[in-house]
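Asker: Sharing a structure with you now.
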Amino acid sequence: MQNTPEINNQNGLQGIREDSFSICGRIAVYDNLKSIPRIIDFNYVTIQHFLDEVPQKTYLFSRELGGRIPYTIIKEVVENLIHASFNEIVITIMQSGNHIIVSDQGPGIENKEKAFLPGYSSATKSMKKYIRGVGSGLPIVRETIIFSGGNVDITDNIKKGTVVSLRIEEGENINGNILQTGTIGHQAAQQGAAQGIKEPRTDAEPKTPVPSQKKDKPPEKQKVEEFDSLKLSIRQIKILSLVLELDETGPSKIAKELGFSLSTSYRELIFLEESGLLVMTESGKRQLTDTGKKCLEYYSNSF
């Protein structure tokens with residue numbers, strides 16, 4: 001049986017007690033709708049830990065599938081679960097990470113239109129320890145996702161509670177232009193066309209290729225030049241060292257151990273992952289790749 005934060009009613013105010021409870025829930029990740037989803041269970045013993053970790057995990061799983069829903073939006077929606085006393089949380093990620101559904105079985109939202117207006121809030125004094133509580137969350141969500149080419153929808157859950165749906169159409173950018181997924185050249189061509197840059201003629205007689213006069217470099221030298229071209233900062237090297245020490249870790253642990261801000265830690269992890277030095281594990285944390293280990297070794301020997 002799931003334990004949720006105990007709600008006390010005193011003088012019309014709700015108080016959240018963290019002395020004995022856990023926040024439980026599930027993240028369902030659909031690699032495609034023809035197979036069963038991957039299920040990731042979570043269990044947190046403090047509200048702050050939940051609010052720090054779950055938005056990051058959700059964003060990372062979405063990104064893993066190719067999703068483009070901004071982290072800020074996900075964080076705002078997850079924070080809103082405090083109004084549902086974190087009751088029966090299910091987060092669903094599908095459509096290549098571009099559709100995220102956050103559902104609960106809390107009291108629900110009676111006036112959904114007002115929920116999107118700044119200044120309307122049901123946050124209590126004890127809730128404001130963890131969230132702003134000024135009615136800015138859902139307005140931010142709507143404006144940001146519309147700007148990103150998507151939409152947000154709020155509906156009632158089957159028996160009780162709320163379902164928030166975040167969706168960005170696949171292959172559509174913020175200007176409504178269709179982008180061909182995974183083709184950088186196509187995107188660059190679109191940008192060039194918008195700026196009046198013409199593509200080179202393809203009907204011209206092709207030039208005879210000139211044989212390269214360069215000799216193939218040894219693999220070791222190629223690797224050295226590759227690592228050197230990355231030009232990692234001291235901060236990024238420290239993060240790689242910590243990941244090696246802990247085997248796998250996330251932004252919160254890095255922020256705590258190295259004294260960086262949570263947003264900085266997260267941003268650096270994304271960069272290191274996109275550089276092929278880290279990989280995300282099933283738990284949503286990051287682990288060094290073989291290339292990452294060799295890169296760290298290279299930089300360690302360079303000092």
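Asker: Explain nothing, just compute: Karplus ³J(HN,Hα) = 6.51 cos²θ - 1.76 cosθ + 1.60, θ = phi - 60°, for every residue of the range 250-259 in order, whole Hz, x for Gly and Pro.
Answerer: Working through the residues one at a time gives x, x, 5, 5, 5, 4, 6, 6, 9, x Hz.
Asker: Could I ask something else about it? Around ASN157, under 10 Å between beta carbons, what's the net of Lys plus Arg minus Asp minus Glu among the other residues?
Answerer: Working: positive: LYS159, LYS160; negative: GLU88, ASP104, ASP156.
Within the 10 Å Cβ shell, the charges total -1.
Asker: Got a sec? How would THR46, THR92 order by Cβ neighbour count within 10 Å, fewest to most? Numbers along the way, then the final one.
Answerer: Working: THR46 13, THR92 18.
Ascending Cβ contact count within 10 Å gives the list THR46, THR92.
Asker: Please give the Cα centre distance for the range 105-130 versus the range 245-276, rounded to the nearest Å.
Answerer: When both Cα centres are located, 32 Å separates them.
Asker: In whole Hz and in residue order, list the ³J(HN,Hα) couplings for the range 125-131 that follow from phi through the Karplus curve 6.51 cos²θ - 1.76 cosθ + 1.60, θ = phi - 60°; x for Gly and Pro.
Answerer: Once θ is set to phi - 60°, the couplings for the range 125-131 become 4, 6, 5, 6, 5, 10, 10 Hz.
Asker: Just rank ASP31, ASP41, fewest to most, by other beta-carbon atoms within 10 angstrom. It would help to have the intermediate numbers written out before the result.
Answerer: Working: ASP31 15, ASP41 8.
Starting with the residue having the fewest Cβ neighbours, the order is ASP41, ASP31.
Asker: Also, quick follow-up: May I ask you to sort SER300, SER62 by Cβ crowding, counting other Cβ atoms within 10 Å and putting the fewest first? Spell out each step's value before the answer.
Answerer: Details: SER300 12, SER62 27.
In order of increasing Cβ crowding within 10 Å: SER300, SER62.
Here, each number is a calculation from the coordinates, and none is a lab measurement. If you're wondering where the values come from, they're calculated on a predicted model, not measured in any experiment. Cβ: placed from backbone, ideal geometry, glycine included. Neighbour counts: every protein chain shown.
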